[in-house]
Amino acid sequence: MDLTFYQGQKIREFLMNNRELFEEKLLEEAVNVRDKIEEIKLIGNINLVNNAHKLVLLVVDEKQTEVTEFAKQEGIVWAKFNLTLSFKLEWVQAIRRTLWHFLYQYDKLIQKDNDIVEFYTMENKVNTLIDEFLNNFFLSYSKYKDELIESQRQLVEKLSVPIIPINTSISILPLIGKIDSYRANIIDEKVLQEIGTMRVQTLIMDLSGIAQMDSDAVQYFMKLLDGISMMGCEAVITGMRSKIVRDFIKYDTSFGKNIETKGTLQQALKEYLNSKETAQYNEIGKKLL
């Protein structure tokens, strides 16, 4: 297929009229990406070929603002669908080489002998805008990923301290998995915050799901119990398995006389719910009398 060209044709029109030839040359340049085009389209609804034409036209029209915005949009989409960055880099570099090939063909057809100043001016404009696209793409990609990681971290932290209110004064904190110093510090901060916010009077902490606690976590846990007491909240420990008990003994720690322990969560709920409800009924009876 021959290039379509007529006298007086601008570079933008030349590229649009030779779109199919541009695509063929682009796919020749992008060796690794061309076999992934349909897969990428299926995963992220991204039409790489159409986007290549869009970028090229924005570059030759010298629309820097639009190039930047387009790059940011692309960065978010690629980050959202976790698409391979090496493919994007190869694709954009293939677009750059293909565009320069057609710029050369255009100059030959119009029989224009560019002087060196004009050539380097064109080179600076084209490559600067393509580099602008790449830079903003990667910045947008990284920002989206960082925000996603941060939101996931906050979600994990929230799930690490699932305080469940039973009534207006009693709440449950079921702890599961491995408790290390990092997670213990999060639990310490969140529990004291929630006790103050929810005005918890009794916190039943069920440890039956804990697999392991290291020495730092044990120390954090003991400080947490002191903090709970200082806030006027009663701490009740349930579900202490033999493995966790040995951990506390190994690190020479004990709960002290002010901390209640119960064998199971069900036992604690039965006793505390009944006792609290009885006390409430008695208090109401006194007021009526």
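Under 5 Å between amide hydrogens, built in the peptide plane, is the criterion, and for ASP214 it picks out ILE179 among residues at least 5 positions away or on other chains.
Report summary: the helix-based calculation at 222 nm, which adds -39500 (n - 2.57) for every DSSP H run with n ≥ 4 and divides by the residues of the chain, gives -22500 deg cm²/dmol. Using the Cβ-Cβ distance between GLN73 and VAL49 with R0 set to 25 Å, the FRET efficiency from 1/(1 + (r/R0)^6) comes to roughly 0.90. Note down the relative contact order for the stretch 164-288 as a percent, whole number, built from C-alpha pairs under 8 angstrom at least six residues apart. Relative contact order comes out at 24 percent. How high is the relative contact order of the chain, given as a whole-number percent (alpha carbon pairs under 8 Å, six or more residues apart)? It rounds to 13 percent for the chain. Charging the Cβ of each Asp and Glu at -1 and of each Lys and Arg at +1, and nothing else, the dipole of the chain about its Cα centre rounds to 1360 debye. In the chain, once you exclude exposed trypsin sites (Lys or Arg not before Pro) (DSSP loop, at most 15 other Cβ within 10 angstrom), what's the longest stretch remaining? It works out to 113-198. With the largest listed first and rounded to whole Å, the semi-axes of the equivalent ellipsoid of the stretch 1-68 from the Cα gyration tensor are 24, 17, 8. Recomputing Kirkwood radius over Cα pairs in Å from the coordinates shown identifies the correct label among (i) 24.8; (ii) 20.6; (iii) 22.7 as (i).
The alpha-carbon atoms of the stretch 164-288 define a convex hull whose volume equals 102 cubic angstrom per residue. Once the Cα-Cα distance is subtracted from the 0.36 nm per residue extended length, the MET230 to THR197 segment shows a gain of 10.4 nm. For MET205, the residues whose modelled amide H falls within less than 5 Å of its own, excluding neighbours fewer than 5 places apart on the same chain, are LEU173, VAL236, ILE237, THR238.
Loop sites only, by DSSP: take the chymotrypsin sites (Phe, Trp or Tyr not before Pro) in the chain that have at most 16 other C-beta atoms within 10 Å and name the longest stretch containing none of them. Answer from the scan: 82-250. The calculated P(r) of the stretch 11-155, using every Cα pair and 10 Å bins from 0, goes 11, 39, 33, 13, 4, 1, 0 in percent.
Label point of VAL245 set 7 angstrom out along Cα-Cβ; within the stretch 168-212, no amide nitrogen lies under 11 Å from it. Ordered by the number of other Cβ atoms lying within 10 Å of each residue's own Cβ, fewest first, SER169, SER215 fall into the sequence SER215, SER169.
Quick check on my link table: of LYS88/LYS143; LYS178/LYS262; LYS10/LYS108; LYS143/LYS190; LYS36/LYS145, which ones sit more than 24 Å apart, alpha carbon to alpha carbon? Going by Cα-Cα distance, LYS143/LYS190 fall outside the 24 Å limit.
For ILE46, nonlocal amide neighbours, meaning residues 5 or more places apart or on other chains whose placed amide H falls under 5 Å from its own, are LYS41. The stretch between SER208 and SER254 holds 14.8 nm of extra length on full extension. This uses 0.36 nm per residue minus the Cα-Cα distance.
Laboratory data are not the source of any read-out in this text; all were calculated from the coordinates shown. All values derive from a computational prediction rather than experimental measurement. Positions of Cβ are backbone-derived with ideal geometry, glycine not excepted, and every protein chain shown enters the neighbour counts.
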